[in-house]
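*Asks:* Before anything else, here's the structure in question.
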């Protein structure tokens, strides 16, 4: 199946199941980080958009555990930076309709929570097609070690994601069934 066909299919499912209260358990993420001995306290999150997994409660819990929270801010040429953000801080809506931090301080996450449209068992992800996360992960891996976790619902898993040379595999994908 082509990427565009997968996106169309999963968008329909996400819209259908959006109110079914699919959520990721904060403890599951924390347990994975401890089990894999992932160091660092800078967490890159995202603000949920277009029926993505809502991570705001997860970000709040990490913030209470003294993690530095950051959210993406898009730039020209499909680039983005992660800016420090507190769950109590205001946001501005960008040209895509996604809330972004007002803060100007760029940070480089140790752990990155990644939204996705679809994924497969080999930790390949399908995003919206702009390449923002692929470019960002490639760029940051030149600076430091980063652990990437995709967050999704189990119905977003597909047999195989068609990949090309620009696609970056995630380190892990967690869904609501990973209790």
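The values are calculated or read from the model by the stated rules, or taken from the named source; none is laboratory data. Since we're looking at a predicted model, the values are computed, not measured. For neighbour counting, all protein chains shown are included, and Cβ atoms are generated from backbone atoms with ideal geometry for every residue, glycine included.
*Asks:* Consider the stretch 67-83. How many of its residues are outside any strand (DSSP E or B), modelled with pLDDT under 95, touching a helix residue (DSSP H, G or I) at 6+ places or on another chain (Cβ under 9 Å) and at negative phi?
*Replies:* 1
*Asks:* In the stretch 126-152, which residues are assigned to a strand (DSSP E or B) and closer than 19 Å to residue 109 by Cβ?
*Replies:* Scanning the stretch 126-152 gives 147, 148, 149, 150, 151.
*Asks:* While we're looking at this one, here's another question. Here are some residues: 41, 50, 25. Which one is surrounded by fewer than 16 Cβ atoms within 10 Å (Cβ to Cβ) and touching a strand residue (DSSP E or B) at 6+ places or on another chain (Cβ under 7 Å)?
*Replies:* That would be 41, the only listed residue that is surrounded by fewer than 16 Cβ atoms within 10 Å (Cβ to Cβ) and touching a strand residue (DSSP E or B) at 6+ places or on another chain (Cβ under 7 Å).
*Asks:* Looking only at the stretch 153-171, count how many residues are part of a loop (DSSP other than H, G, I, E, B), touching a helix residue (DSSP H, G or I) at 6+ places or on another chain (Cβ under 9 Å) and either in contact (Cβ under 8 Å) with a residue 60 or more places away in the chain or surrounded by 16 or more Cβ atoms within 10 Å (Cβ to Cβ) (or both).
*Replies:* So the count comes out to 7.
*Asks:* Let me ask something else about it. Suppose the filter is in a helix (DSSP H, G or I) and either in contact (Cβ under 8 Å) with a residue 24 or more places away in the chain or over 18 Å from the mean Cα position of the chain (by Cα) (or both); does residue 11 pass it? Spell out the reasoning first.
*Replies:* Details: in a helix (DSSP H, G or I): yes; either in contact (Cβ under 8 Å) with a residue 24 or more places away in the chain or over 18 Å from the mean Cα position of the chain (by Cα) (or both): yes.
The answer is yes for residue 11.
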